[in-house]
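Reviewing the structure listed below.
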Amino acid sequence: MKFLIVFVALFAVALAAPAAEEPTIVRSESDVGPESFKYDWETSDGQAAQAVGQLNDIGTENEAISVSGSYRFIADDGQTYQVNYIADKNGFQPQGAHLPVAPVA
């Protein structure tokens with residue numbers, strides 16, 4: 001009987017707890033073409049991202065896309081983190097105050 005009372009009490013507390021609010025999109029823009037793209041969005045919980053991409057050396061064997069952009073999020077520790085990046089023929093190259101910097105050789 002005690003188990004049932006405890007179970008019902010915990011169930012009631014769980015139902016009474018406020019539900020977490022789902023983030024909403026506060027800004028969203030994009031432009032996608034055959035040789036380039038760009039997007040920019042932000043949500044009500046502080047997340048955001050933007051990027052611009054361009055197809056280079058079109059029609060050659062070296063055809064490749066290069067992208068530059070950034071994203072921002074709030075982590076479980078309450079800190080806001082932002083990463084700026086370039087992604088091109090040299091790979092993904094992130095930069096951020098919280099990321100380690102590779103030593104220069």
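A few remarks follow.
- Failed item in (1) modelled with pLDDT under 90; (2) on the phi > 0 side of the Ramachandran plot, with PRO18 passing the rest: (2)
- A Cβ distance below 9 Å, combined with a sequence gap of six or more or placement on separate chains, defines the contacts here; from region 46-71, residues that are of a type in the set (A, V, I, L, M, F, W, C) reach residues that are outside any strand (DSSP E or B) in the pairs LEU55/PRO34; LEU55/GLU35; LEU55/GLU63; ILE58/GLU35; ALA64/ASP57; ALA64/LYS89.
- Residue that is nearest to GLU21 (Cα to Cα), among those in region 39-67 that are among the polar types (S, T, N, Q) and within 14 Å of the chain's Cα centre (by Cα): SER44
Results for (1) open to solvent by 70 Å² or more (accessible area, probe 1.4 Å); (2) in contact with a strand residue (DSSP E or B) (Cβ under 7 Å, 6 or more places away or on another chain); (3) at negative phi, shown as yes or no for each residue.
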{"site": "GLU22", "(1), (2), (3)": "yes, no, yes"}
{"site": "SER44", "(1), (2), (3)": "no, yes, yes"}
{"site": "GLN79", "(1), (2), (3)": "yes, no, yes"}
{"site": "VAL83", "(1), (2), (3)": "no, yes, yes"}
{"site": "PHE92", "(1), (2), (3)": "yes, yes, yes"}
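The values are calculated or read from the model by the stated rules, or taken from the named source; none is laboratory data. No experiment lies behind these values; they were computed from the predicted model shown. With ideal geometry, Cβ positions are generated from the backbone for all residues, glycine too; neighbour counts draw on all protein chains shown. What goes into the accessible areas is simple: the full protein's heavy atoms, side chains included, and nothing from ligands, DNA or RNA. Shrake-Rupley method; radii C 1.70, N 1.55, O 1.52, S 1.80 Å.
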